[in-house]
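Rule-based calculations on the coordinates, nothing more; no lab input. Because the structure is a prediction, the values reported are computed rather than measured. Backbone-built Cβ (ideal geometry, glycine too); neighbour counts: all protein chains shown.
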Amino acid sequence: MKNSSILKYVVLLMVVITLIVTWAYVEDQDYYSDPVKAIEAIDKELLLIPAYQLGDKSLYFFIKDKNNLGATIVRKGIFGWKSGMLTWGPLDSKREYEMLEGFHGHGEGLVYGLIRNGDERVVTVDDQEAQVLNLAMLPPSLVKKYNLEGLYLWYFESDNNLNHEQVKLLRKNTQEIIQSIDL
């Protein structure tokens, strides 16, 4: 009687171990050694624009099919890096971006877009300055191929929902408001 109950526990333990190993294997298939590989597993054709990597979180912007600007947040888990959802919207075909046209959102806490003359202008969201990335940081051949000359990517990220915020484009040296848009 004692041997049969030990045998039951051993079998139960083996089943639990098998389930854990199977779960770990399945989870491991969606994780990668670095954020770029996690994104490329979803779409290898994206032009990636890194914004930051802080601890277990990484923000990337991308251009898809030369005509769409998008974003994704990649997170590091127990098994490695895994990309979140990819969101994107259309780019202005003329790439003018003198004003705040065509900006996009990702989830409830990230808004981003393109502007021209980003070294002379500031974008604010609810009076907080947005981060700005000079797209000239990309290889010159890609800047030319994707028609990104003179463009800057701006983004604002918040832990709060960005439903009732105001986005402003200002002159950097005078703080004069060029344009103001309610989200």
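Side notes on the structure shown:
- Full extension of the chain segment joining residue 87 with residue 178 gains 30.0 nm, where the gain is 0.36 nm per residue of separation less the Cα-Cα distance.
- Dipole of the chain computed with +1 at Lys/Arg Cβ and -1 at Asp/Glu Cβ about the Cα centre; of 4, 39, 59, farthest Cα towards the positive end is 4.
- Here the simple spin-label model places points 7 Å from the Cα toward Cβ, and for residue 144 and residue 14 these points are separated by 6.6 nm.
- Net charge dipole, segment 99-144: roughly 360 debye, given to the nearest 20, about the Cα centre with Cβ charges of +1 for Lys and Arg and -1 for Asp and Glu.
- For the chain, diffusion coefficient by Stokes-Einstein and Kirkwood Rh (Cα), 37 °C, 0.692 mPa s, µm²/s: 174 µm²/s
- With a simple spin-label model that places each label point 7 Å from the Cα along the Cα-to-Cβ direction, the separation between residue 2 and residue 136 comes to 8.2 nm.
- Using alpha-carbon coordinates, inclination of helix 2-28 to the longest axis of the chain, degrees: 20 degrees
- Between residue 99 and residue 42, the modelled labels are 3.2 nm apart [label points 7 Å from Cα along Cα→Cβ].
- Local net charge near residue 144, Cβ-Cβ under 15 Å (Lys/Arg +1, Asp/Glu -1): +2
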